[in-house]
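Q: Take a look at this one; I'll ask things after.
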Amino acid sequence: MDRRSEALAQLLEAALSEQFAMPANELIQAMPIPIAVVHAGELRVLAVNELMAQVLHRADAAGLTISSVLPPAHPLSDPRPYRAVSTSGTSVASTIVVDGQTWEWFIQPLKGMASIEYLLTGLVAEPAAPLETDVARLRETNAAKTEFLNLAAHELRTPLSVILGYSSMLAQGGLSAEHQKLAGSRIFEKTRQLSRLIMDMSLVGRFDELGPSIATEPIDLVELLEPMIKDQQRRFPDLAIDTRIDVPSAPVRGNPYWLRLAIRELFDNAIRFRPGPTGRIDVTLTEAERHWSIGVLDDGFGVDPQMQGQLFKRFARIETEENRHLVGMGIGLYLVQEVARAHGGRVSVDSRPGVGSEFRFELPRK
């Protein structure tokens, strides 16, 4: 911790050692760095200032446990540093990256009490990077762009080759009516794949819209969800797509364009990653104390628990013998995660190979 954050921690510690009441809460809000007070035993967020709420993308973090506020892959969600400080009574600090911003993350026990009941955790922005670091970041950005272009070229090549092959056969003539129908069907199938890839490519360039400044408006998730489900039922009649909406309305503030995209990706994931055109998908909308939860349960391929950490990474694809034939840029579930975060929510998964997957998309209640 630098001297500024250490002085702020000592000031708050003095207030808390007397009484955890309004003066301490006012002090927390006045602090110029993202900061929160966490219960040492329950790892429950007791107080959080606006700066930390912005970093967490959760204005409703107070009163929730760390694990319920943040997804498992988030740097601040690991319970081990909190437990270590609570046990040893010694502060820790490390460098982390959250949403592209580099921070020094510190956890300090609040002393002056009979036992360690509270932990102070906060973030201090790293100083401006030297030129060498800027060059390194530019190289990383360039490498990511090269990776994207190589992946796009690879994914586009296969459907284009099939389209060119069948188009050439049709142009030459001489095909029977049955073979013409087959060629047309294959061209249509691969054109749809191309359309999906092109849309994915266009979305990659718009991910910077998914931040705290995202445009929002009042939305009813019931009204958003019901027509989308009916559309999927119409398009995939061989799938048993069942719905359970437990509430008459589910008001949130959100961006309807991005929310539709995220929910559609969850539907698309459940429809594509399965052995055949038949099966079952259950869609639910339920209410919790502080959030709404959209669940999509399928009986598809499922994902090995050891690989599930890769699901929400950009350009990451978990290839198996069963899904190798499916095209994609590996951005669908990454998009779902970023949309959830931009709305102060989260996405989680429970999956088993050969059984299926359940994704839960949670948004804070209005």
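The values are calculated or read from the model by the stated rules, or taken from the named source; none is laboratory data. Fair warning: this is a prediction, and the values are worked out from it, not measured in the lab. As a convention, Cβ positions derive from the backbone with ideal geometry for all residues, glycine included, and neighbour counts pool all protein chains shown. Note: areas computed on protein heavy atoms with side chains; ligands, DNA, RNA excluded. Shrake-Rupley method; radii C 1.70, N 1.55, O 1.52, S 1.80 Å.
Q: Among the listed residues Ile229, Ile219, Ile241, which satisfies the condition of being closer than 24 Å to Gly279 by Cα, open to solvent by less than 30 Å² (accessible area, probe 1.4 Å) and part of a strand (DSSP E or B)? If you could, list the steps in order and put the result at the bottom.
A: Values: Ile229 fails: part of a strand (DSSP E or B); Ile219 fails: closer than 24 Å to Gly279 by Cα.
From the options Ile229, Ile219, Ile241, the qualifying one is Ile241.
Q: Just for strands (runs of 3 or more DSSP E) wholly inside the stretch 73-151: which have at least 3 residues that are open to solvent by 50 Å² or more (accessible area, probe 1.4 Å), at pLDDT 65 or above and in contact with a strand residue (DSSP E or B) (Cβ under 8 Å, 6 or more places away or on another chain)?
A: On the way: elements: 92-98, 101-109, 118-125.
Passing ranges, in order: 92-98.
Q: Another question, then. Looking at the stretch 165-178 only, could you name the residues that are assigned to a helix (DSSP H, G or I), open to solvent by 40 Å² or more (accessible area, probe 1.4 Å) and either in contact with a helix residue (DSSP H, G or I) (Cβ under 8 Å, 6 or more places away or on another chain) or of a type outside the set (S, T, N, Q) (or both)?
A: Start the filter on the stretch 165-178 by keeping residues that are assigned to a helix (DSSP H, G or I), which leaves 165-172, 177-178.
Adding the requirement that they be open to solvent by 40 Å² or more (accessible area, probe 1.4 Å) leaves 166-172, 177-178.
Result: Tyr166, Ser167, Met169, Leu170, Ala171, Ala177, Glu178.
Q: Confirm whether Ser88 is within 24 Å of Leu210 (Cα to Cα) and hydroxyl-bearing (Ser, Thr, Tyr). Please lay out each step first, then the result.
A: Working: within 24 Å of Leu210 (Cα to Cα): no; hydroxyl-bearing (Ser, Thr, Tyr): yes.
The answer is no for Ser88.
Q: Which of (1) out of contact with any Asp or Glu (no Cβ under 7 Å at 6 or more places or on another chain); (2) of a type in the set (A, V, I, L, M); (3) in contact (Cβ under 8 Å) with a residue 40 or more places away in the chain; (4) in a helix (DSSP H, G or I) is the odd one out, the single condition Ile214 does not satisfy?
A: Of (1) out of contact with any Asp or Glu (no Cβ under 7 Å at 6 or more places or on another chain); (2) of a type in the set (A, V, I, L, M); (3) in contact (Cβ under 8 Å) with a residue 40 or more places away in the chain; (4) in a helix (DSSP H, G or I), only one is false for Ile214: (4).
Q: For residues that are in contact with a Leu (Cβ under 8 Å, 6 or more places away or on another chain) and in contact (Cβ under 8 Å) with a residue 60 or more places away in the chain, scanning just the stretch 179-209, find the one that is surrounded by the fewest Cβ atoms within 10 Å (Cβ to Cβ).
A: Selected residue: Phe207.
Q: Under 6 Å between Cβ atoms, which residue pairs at least 6 apart in sequence (or on different chains) link something in the stretch 294-305 that is closer than 18 Å to Glu226 by Cα with a partner that is at pLDDT below 85 and among the aromatic types (Phe, Trp, Tyr)?
A: Partner pairs satisfying both residue conditions: none exist.
Q: Taking the stretch 49-61 as the region of interest, how many residues are crowded, with 19+ Cβ neighbours inside 10 Å and either in contact with a Cys (Cβ under 6 Å, 6 or more places away or on another chain) or farther than 28 Å from Gln308 by Cβ (or both)?
A: Result for the stretch 49-61: 1.
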